[in-house]
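Read through the structure below, which is laid out as structure tokens, and then see the notes.
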2 protein chains.
Amino acid sequence: MQSFDFYNPVHIVFGEGRIKNLATLVPAGSRVLVLYGGGSVKKNGTLDEVNSALAGFTTFEFGGIEANPGFETLMRAVELVKAEKIDFLLAVGGGSVLDGTKFVAAASVYEGDDPWDILTSFGAKITAALPLGAVLTLPATGSEMNNGGVITRYATHDKLFFGSNKTFPKFSILDPVKTYTLPPRQVANGVVDAFTHVMEQYLTYPADAPVQDRFAEGLLQTLIELGPKVIATPHDYQVRANLMWAATMALNGLIGAGVPQDWATHMLGHELTALYGLDHAQTLAVVLPSMLQVRRADKRAKLLQYAERVWGIREGDEEARINAAIANTREFFESVGVKTRLPDYSVGREAIDRVLGQLEKHGMTQLGEHRNVTLATSRQVLESCF
Amino acid sequence: MQSFDFYNPVHIVFGEGRIKNLATLVPAGSRVLVLYGGGSVKKNGTLDEVNSALAGFTTFEFGGIEANPGFETLMRAVELVKAEKIDFLLAVGGGSVLDGTKFVAAASVYEGDDPWDILTSFGAKITAALPLGAVLTLPATGSEMNNGGVITRYATHDKLFFGSNKTFPKFSILDPVKTYTLPPRQVANGVVDAFTHVMEQYLTYPADAPVQDRFAEGLLQTLIELGPKVIATPHDYQVRANLMWAATMALNGLIGAGVPQDWATHMLGHELTALYGLDHAQTLAVVLPSMLQVRRADKRAKLLQYAERVWGIREGDEEARINAAIANTREFFESVGVKTRLPDYSVGREAIDRVLGQLEKHGMTQLGEHRNVTLATSRQVLESCF
């Protein structure tokens with residue numbers, strides 16, 4: 001195991017009907033800005049439930065945060081925060097709304113000239129943030145229990161990550177019932193996103209970390225079991241609850257503590273989303289199987305462990321077992337309805353050079369757990385996405 | 001899965017050489033009381049390392065906290081805290097020192113008449129506590145990453161639990177190297193203690209919580225692998241590191257979130273320690289196999305899951321598989337050197353009535369995940385400890 005720091009002070013409030021707890025979770029007397037996305041929380045009643053719970057507070061609303069939260073949009077929220085002297089932010093939505101709210105929390109009190117610097121410094125320039133809480137409606141990104149976010153500047157096709165101990169939610173309410181009305185596409189995306197989060201922290205090289213390995217494998221097995229079930233029986237409380245908790249645990253820092261991490265799949269995926277508008281999870285479903293294939297030598301020992309412990313593959317020689325594990329991964333993504341080849345999304349081969357150009361622009365030329373995913377390797381990965 | 005709240009703000013600082021981080025982890029200008037136990041941290045140099053890191057602070061020392069931290073002893077520390085206007089507590093030791101330090105943190109600012117009320121209210125009467133940190137030297141109790149403690153009043157043989165969100169350590173430093181010099185008996189006790197902590201949260205009845213089950217099973221498998229290794233090769237950094245992390249994860253609230261919990265084994269064990277002075281883990285090694293045996297009907301489904309997933313037992317009928325799993329549990333404890341029968345500790349049958357009397361005095365008459373472990377059931381369990 002490697003040395004590490006682990007710190008995660010998010011208060012998780014889990015279960016049916018817990019939104020009413022907002023009345024005591026939000027500090028008394030707060031001026032609260034409720035942030036949300038495209039409006040589904042209005043249609044399905046979640047926003048009404050939130051507003052009922054916040055009856056004792058002065059509240060404001062900011063809707064319209066995009067699926068890939070936009071810097072330009074969020075800066076309008078920052079203006080509202082300043083104009084109305086907001087002192088608590090409540091995100092109601094999925095990872096995009098949460099990520100965006102974290103950015104608003106930091107940007108609203110940012111003292112530098114240009115809040116975009118928060119992104120180009122990966123969050124290092126954050127010294128303070130407004131307190132925030134969350135009501136999660138989509139299990140996927142883990143944003144409800146971590147301090148990070150990914151923000152897009154649409155004008156320049158830049159999609160960048162930030163993180164800071166100042167931007168942990170104070171609390172996150174996870175009510176599985178609030179996920180019943182999600183469209184199947186978003187549910188499937190969430191399964192793929194959570195699965196890939198685990199893989200980025202697990203499928204690297206052995207680091208003598210049996211607890212982290214077994215936790216990661218447990219999450220992968222659980223997602224494999226639940227993926228088809230959540231599509232088939234969307235109103236099954238236990239399936240929804242377990243999927244929600246698995247997705248939260250997939251990216252709250254725990255399984256990544258003390259082990260090497262990859263994240264090259266995410267970096268290539270971010271560029272594909274920024275350039276072509278694919279859903280985040282669609283990019284992961286495309287890139288991950290290719291990434292594992294191209295880098296199978298570096299990842300050999302962990303691929304064999306993954307094959308045996310997660311998929312139960314014990315037959316055949318080592319190459320065959322690795323092939324089967326990668327094929328199973330791809331089939332799993334397809335089985336929940338997320339396609340795994342770029343042509344499935346009408347993206348042509350000209351994308352390869354464009355993505356490589358953006359990777360170079362963003363300094364992403366030495367990715368992965370060994371920092372050996374150069375642009376040449378990324379090219380190989382992208383080529384095998386067709 | 002059941003509804004739950006999860007909150008754990010402890011900053012874990014893990015790895016060799018991390019004690020030097022105390023210089024920045026303790027708030028600048030603090031008057032620090034360093035608390036420790038029987039003095040092994042003096043002999044092995046850990047205390048010197050701590051004092052070097054705290055060179056910039058005004059420090060005081062309080063040694064002599066017992067293996068089962070005593071109310072009477074701790075109240076002397078409270079007097080010192082008040083007399084010297086201490087404003088930060090640093091526990092250097094194992095679970096006993098940490099538990100004791102948490103109690104001192106709460107009792108030093110307790111406004112009620114009698115600090116013993118902290119225990120009889122199970123911590124509910126705690127409204128404030130001094131901030132505390134920890135340098136862990138013994139992986140076992142998980143106290144480094146939770147808010148609870150167990151305190152003994154020797155005059156009356158009372159051993160009681162308390163917990164409060166005010167008594168989380170601000171940080172805990174886990175340096176595996178600091179555990180190299182532990183006596184084998186303490187190491188073995190730690191393995192048994194951590195194992196039993198997992199079992200109290202796992203071996204109940206199915207609650208449709210696959211993440212929690214798999215995390216628990218991963219910890220049990222890891223402890224089974226590492227137990228013999230840590231005895232055989234005490235200076236193996238990776239073995240020590242993984243054991244330390246497994247013990248921490250065994251009782252930080254995570255695997256118990258959203259699932260039923262038992263804890264009857266601990267309640268009987270506490271009385272045995274308070275009356276006869278057995279090590280805490282010795283009482284668990286004695287009681288747990290008997291508890292599983294006597295309550296095998298209530299725990300049937302989970303015992304079968306435990307047999308298969310943790311021990312790989314797939315042969316024989318259900319009764320045989322359950323028998324084998326319980327026998328393996330007992331053999332595992334014995335294999336690391338912790339005996340599993342009361343006569344091994346020179347405790348005779350008169351103990352049964354004495355323990356039952358104390359259980360009744362402490363209101364422990366409806367224990368376990370179904371609250372159906374009456375005094376009659378506890379009697380059966382105690383009888384089968386011979």
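Go through the range B:196-219 residue by residue and tally those that are closer than 21 Å to residue B:12 by Cβ and in contact (Cβ under 8 Å) with a residue 60 or more places away in the chain. Step through it out loud before you land on a result.
Within the range B:196-219, the subset closer than 21 Å to residue B:12 by Cβ is B:197-198, B:201, B:211-212, B:215-216, B:218-219.
Then drop every residue that is not in contact (Cβ under 8 Å) with a residue 60 or more places away in the chain, which leaves B:201, B:212.
The qualifying residues number 2.
Residue check: is residue A:386 surrounded by 14 or more Cβ atoms within 10 Å (Cβ to Cβ), touching a Ser or Thr at 6+ places or on another chain (Cβ under 6 Å) and among the aromatic types (Phe, Trp, Tyr)? Step through it out loud before you land on a result.
Values: surrounded by 14 or more Cβ atoms within 10 Å (Cβ to Cβ): yes; touching a Ser or Thr at 6+ places or on another chain (Cβ under 6 Å): no; among the aromatic types (Phe, Trp, Tyr): yes.
Here the answer is no, as residue A:386 does not meet what is asked.
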Original post:
Do any residues in the range A:326-353 that are at pLDDT 95 or above have Cβ atoms under 8 Å from those of residues that are of a type in the set (S, T, N, Q), where the two are at least six apart or on different chains, and which pairs are they?
Top reply: A:326/A:293; A:330/A:340; A:333/A:340; A:334/A:340; A:338/A:189; A:338/A:282; A:339/A:282; A:345/A:282
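Listed here are the residues, each with its yes/no results for (1) surrounded by 18 or more Cβ atoms within 10 Å (Cβ to Cβ); (2) of a type outside the set (A, V, I, L, M).
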residue: B:141; (1), (2): yes, yes
residue: B:154; (1), (2): no, yes
residue: B:165; (1), (2): no, yes
residue: B:173; (1), (2): yes, no
residue: B:179; (1), (2): yes, yes
**OP:** Among residues belonging to the range A:191-208 that are closer than 23 Å to residue A:230 by Cβ and among the hydroxyl-bearing types (Ser, Thr, Tyr), point out the one that is surrounded by the fewest Cβ atoms within 10 Å (Cβ to Cβ).
**Re:** A:202
Original post:
Any idea which of B:148, B:112, B:93 is surrounded by fewer than 23 Cβ atoms within 10 Å (Cβ to Cβ) and under 18 Å from the mean Cα position of the chain (by Cα)?
Top reply: B:148
**OP:** Considering only the range A:227-261, state which residues are of a type in the set (D, E, K, R) and buried (at least 24 other Cβ atoms within 10 Å of the Cβ).
**Re:** A:240
**OP:** Write out, first by first residue and then by second, each pair whose Cβ atoms fall under 9 Å of each other, whose residues are 6+ apart or on separate chains, and whose first residue, in the range A:360-386, is without any contact (Cβ under 8 Å) to a residue 24 or more places away in the chain while the second is among the hydrophobic types (A, V, I, L, M, F, W, C) and not in a helix (DSSP H, G or I).
**Re:** A:365/A:373; A:366/A:373; A:374/A:367; A:375/A:364
Original post:
Pick from the range A:215-249 the residues that are closer than 16 Å to residue B:1 by Cβ and small (Gly, Ala, Ser): which of them is farthest from the other protein chains (Cβ to nearest Cβ)?
Top reply: A:247
Subject >> the range A:348-383 - residue that is among the acidic types (Asp, Glu) and part of a helix (DSSP H, G or I) and, of those, farthest from residue A:278 (Cα to Cα) >> reply: A:360
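So, in the range B:86-131, of the ones that are part of a loop (DSSP other than H, G, I, E, B) and touching a strand residue (DSSP E or B) at 6+ places or on another chain (Cβ under 6 Å), which residue ends up farthest from residue B:147 (Cα to Cα)? Spell out the reasoning first.
In the first step, residues of the range B:86-131 are kept if they are part of a loop (DSSP other than H, G, I, E, B); the result is B:86-87, B:94, B:108-116, B:121-131.
Imposing the further condition that a residue be touching a strand residue (DSSP E or B) at 6+ places or on another chain (Cβ under 6 Å) reduces the set to B:86-87, B:122-123, B:130-131.
Values: B:86: 21, B:87: 19, B:122: 12, B:123: 10, B:130: 13, B:131: 12 Å.
If we take residues in the range B:86-131 being part of a loop (DSSP other than H, G, I, E, B) and touching a strand residue (DSSP E or B) at 6+ places or on another chain (Cβ under 6 Å), then B:86 is farthest from residue B:147 (Cα to Cα).
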Original post:
Taking the range B:104-150 on its own, how many of its residues are touching a Pro at 6+ places or on another chain (Cβ under 6 Å) and farther than 28 Å from residue B:17 by Cβ?
Top reply: 1
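Quick one: in the range A:278-324, which of the residues that are more than 18 Å from residue A:217 (Cα to Cα) and among the charged types (D, E, K, R) is surrounded by the most Cβ atoms within 10 Å (Cβ to Cβ)?
Narrowing the range A:278-324 to residues more than 18 Å from residue A:217 (Cα to Cα): A:278-287, A:290-291, A:293-298, A:315-320, A:323.
Among the residues that remain, those that are also among the charged types (D, E, K, R) are: A:279, A:295-296, A:298, A:315, A:317-319.
Details: A:279: 21, A:295: 23, A:296: 15, A:298: 18, A:315: 8, A:317: 8, A:318: 12, A:319: 10.
The extreme case among them is A:295.
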Subject >> Filter result (within 24 Å of residue B:295 (Cα to Cα) and either within 14 Å of chain A (Cβ to nearest Cβ) or among the charged types (D, E, K, R) (or both)) within the range B:198-214 >> reply: B:198, B:200, B:202, B:206, B:207, B:208, B:209, B:210, B:212, B:213, B:214
Original post:
Within the set of pairs 6+ apart or on separate chains, which have a first residue in the range B:10-31 that is over 22 Å from residue B:254 (Cβ atoms) and within 12 Å of chain A (Cβ to nearest Cβ), a second that is outside any strand (DSSP E or B) and small (Gly, Ala, Ser), and C-beta atoms under 6 Å apart?
Top reply: none
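Select from the range B:119-136 the residues that are in contact (Cβ under 8 Å) with a residue 60 or more places away in the chain and surrounded by 24 or more Cβ atoms within 10 Å (Cβ to Cβ) and list them in ascending order. Full working, then the answer.
Taking the range B:119-136 and keeping what is in contact (Cβ under 8 Å) with a residue 60 or more places away in the chain, we get B:131, B:133, B:135-136.
Within the range B:119-136, B:133, B:135, B:136 qualify.
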Original post:
Quick check: is even one residue across the range B:262-277 more than 20 Å from residue B:312 (Cα to Cα) and within 14 Å of another protein chain (Cβ to nearest Cβ)?
Top reply: no
Original post:
Do we have residue B:46 as out of contact with any Phe, Trp or Tyr (no Cβ under 6 Å at 6 or more places or on another chain) and under 24 Å from residue B:198 (Cα atoms) here?
Top reply: no
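The values are calculated or read from the model by the stated rules, or taken from the named source; none is laboratory data. All figures in this text were calculated on a predicted structure; none of them were measured in a lab. Glycine gets a Cβ as well: all are built from the backbone with ideal geometry, and neighbour counts include every protein chain shown.
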